[in-house]
1. Give me a count of the residues in region B:14-40 that are in contact with a Pro (Cβ under 9 Å, 6 or more places away or on another chain), within 12 Å of DNA strand D (Cβ to nearest atom) and of a type outside the set (A, V, I, L, M, F, W, C).
2. Kindly check whether there is at least one residue in region B:16-39 that is open to solvent by 60 Å² or more (accessible area, probe 1.4 Å), on the phi < 0 side of the Ramachandran plot and touching a Ser or Thr at 6+ places or on another chain (Cβ under 8 Å).
3. Select from region A:60-70 the residues that are more than 9 Å from DNA strand D (Cβ to nearest atom) and farther than 27 Å from B:V183 by Cα and write down the one among them that is most open to solvent (accessible area, probe 1.4 Å).
4. Kindly provide the set of residues from region B:19-34 that are without any contact (Cβ under 8 Å) to a residue 12 or more places away in the chain and more than 24 Å from the chain's Cα centre (by Cα), ordered by number.
5. Condition test on A:K5, is it more than 9 Å from DNA strand D (Cβ to nearest atom) and either within 14 Å of chain B (Cβ to nearest Cβ) or under 22 Å from the mean Cα position of the chain (by Cα) (or both)?
6. Being open to solvent by 10 Å² or more (accessible area, probe 1.4 Å), without any contact (Cβ under 8 Å) to a residue 24 or more places away in the chain and more than 9 Å from every other protein chain (Cβ to nearest Cβ), is that true of even one residue in region B:79-94?
7. Filter the strands (runs of 3 or more DSSP E) completely within region A:107-207 down to those with at least 2 residues that are modelled with pLDDT under 95 and within 14 Å of chain B (Cβ to nearest Cβ).
8. Considering region A:19-40 alone, what residues qualify as being within 19 Å of A:Q76 (Cα to Cα), out of contact with any Lys or Arg (no Cβ under 7 Å at 6 or more places or on another chain) and within 11 Å of chain B (Cβ to nearest Cβ)?
Protein chains: 2
Amino acid sequence: MKTEKISEAVVRRLPVYLRFLNELNMKNVQTVSSQDLGNKLDLNPAQIRKDLAYFGEFGKKGIGYDVNYLIEKIRQILKLNQDIAVALVGAGNLGRALCNYNVYLKDNMKITAIFDDSPDKVGTSINNLQVHPMKELVGTIREEAIRIGIITVPASEAQSVADEFVRGGVEAILNFAPVIIKVPMHIRVHNADFTTDLQSLAYYLDE
Amino acid sequence: MKTEKISEAVVRRLPVYLRFLNELNMKNVQTVSSQDLGNKLDLNPAQIRKDLAYFGEFGKKGIGYDVNYLIEKIRQILKLNQDIAVALVGAGNLGRALCNYNVYLKDNMKITAIFDDSPDKVGTSINNLQVHPMKELVGTIREEAIRIGIITVPASEAQSVADEFVRGGVEAILNFAPVIIKVPMHIRVHNADFTTDLQSLAYYLDE
DNA sequence: TAGATTGTTAATCGATTAACAATC
DNA sequence: TAGATTGTTAATCGATTAACAATC
C-alpha cells in the first residue's frame, strides 16, 4: 500500500473494473487474473495490477484476484458502501432519464431529491420523487445531508445552479450542461457533456 | 502545421474551445487570447496554443485569435461543417433525451433515425422521427449514409446493437451502455456512461 | 514440483508546462 | 516604439508498459 497521490485516470478506471467484476460475480466466477480483466476491458494487465496495488495487495500470486473480495475492496475505495444522497436539478428529459437509473445503481448512491423551477414541473413526480422549486434546494441539501449534485439544466442556468449547490454544501457535482462551471477548489466537478463526446467522435470519421 | 499524430486528449479539448468561442461570438467578441481561453476553461494557455498549433497558425502574435476564424477552423478540423447523419438505438428515457438535443446542435450533426425493438415503441414518434424496428437498421444505415451510431439500450443488449451498427457500416459509435463493447479496430468507440462518472465522483467525497 | 500470476521496479513513452524569440 | 501574445523548443512532469523476483 502506497500513500502516493492517486491519479484521476486510476480512479476513473476503478468503476470500470467494478462493473465487470459484478458481471463475473453474477456468473459465479470465483477468480480473475489481470490478464482476463485486461482482455475484456482493453487495458494492459500491468496497468490493472498497478492500479489495484495503489490501494493494497488484493491478489494472490499464481492465482489472481478473488472476485468477491475485489468487489468489496473497490466498493470501499470508491466509498460506494456508504449511503450517498444525490440531488438533481433540471427535470427535463435528461434529468428524468437519470432518475430512472436509480433502479440500476445497486450501490448505495441514490437520487433523493429533484428540483426545477418551471411551473409545469414543480409538484409533478418522477419515480416517486416530487419535483421541488429551487428555493428549497439549500434547505433540502442540509436536511437530507445531500453530498452530490447533478446538473441537467440548460447551459445558461448551469452556473447559478452550481452556486446554489455550493451554498447548500455539496461536496461534488456532476455537470451535464455544456459549459465549464466555476466552483471553490475543494468541490469536485466532473463534466458529462455528451455534445463534446459526439463532436470529438466526428474528428475520427474517415474524411 | 505538424503532421504528428494528434493525441486523443487534444481532440477532446477542441469541442470545449469551440463551445466557448461560440459563446464569445454571440457576445460579439472579435478576438480572444490563449490567456482568456485558459482562464475561462481552466486550462494552461500554453497548452491551448500548442493544441491549436497542431493544425495550423491560427493566431496573430501580439493580438490573439480571431474568434470567427478560429470557430471556422475548429469546425473544419472536427468535420462539423459537413452533414453527418447519426442513428440512435434505444428509445428509452435517455434515448429520447438525446433526440431532443438535435435542436441544440447547431452543427450539421443530426440524429436522423431511431430504432428500438420493443413493440410499444415501434411506430411511435420522437421529435418527428418514427421509431423503427431493429431489422431495418442495416438497410437504413446504408440508404441514409449514416456514419455514427448511438447506443442507449441496456448493457445486456449493447454488444448486439454494436454488431448491427458494424454490419451496417457506421464509422464511429457513442456508447451510453455501461459495458465495454468489442468492434473492429477501424471503428471508433467513445463511452459516455455516467454511472462511471458518478462512481468515480464518490471517491473524492470527503470521507 | 512446474506453471501461473502477482506486486513492484525500471524503462519508456507521452503529455503538460515554462520560457522565449519572433512579430503584430 | 512598447506592450502583448503567438508558435515552438526545451524542460518537466506523469502515466503506461515491460520485465522479473517472489510465491501461490
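1. Final tally of qualifying residues: 6.
2. Within region B:16-39, not a single residue is open to solvent by 60 Å² or more (accessible area, probe 1.4 Å), on the phi < 0 side of the Ramachandran plot and touching a Ser or Thr at 6+ places or on another chain (Cβ under 8 Å).
3. Going through region A:60-70, the residues more than 9 Å from DNA strand D (Cβ to nearest atom) turn out to be A:64-70.
Now narrow it down to the ones that are farther than 27 Å from B:V183 by Cα: A:64-66, A:68-70.
Working: A:G64: 14, A:Y65: 24, A:D66: 71, A:N68: 82, A:Y69: 102, A:L70: 3 Å².
Among those residues, the one meeting the criterion is A:Y69.
4. Once the filter is applied, which keeps residues that are without any contact (Cβ under 8 Å) to a residue 12 or more places away in the chain and more than 24 Å from the chain's Cα centre (by Cα), region B:19-34 yields B:K27, B:N28.
5. Working: more than 9 Å from DNA strand D (Cβ to nearest atom): no; either within 14 Å of chain B (Cβ to nearest Cβ) or under 22 Å from the mean Cα position of the chain (by Cα) (or both): yes.
Against the criterion (more than 9 Å from DNA strand D (Cβ to nearest atom) and either within 14 Å of chain B (Cβ to nearest Cβ) or under 22 Å from the mean Cα position of the chain (by Cα) (or both)), A:K5 does not qualify.
6. no
7. On the way: elements: A:109-115, A:129-132, A:146-151, A:172-175, A:188-191.
Qualifying strands (runs of 3 or more DSSP E): A:109-115.
8. A:R19, A:N22, A:E23
The values are calculated or read from the model by the stated rules, or taken from the named source; none is laboratory data. Quick caveat, the model's predicted, so the values are computed rather than measured. Neighbour counts are summed over all protein chains in view; Cβ atoms, including those assigned to glycine, are modelled from backbone coordinates with ideal geometry. Note: areas computed on protein heavy atoms with side chains; ligands, DNA, RNA excluded. Shrake-Rupley method; radii C 1.70, N 1.55, O 1.52, S 1.80 Å.
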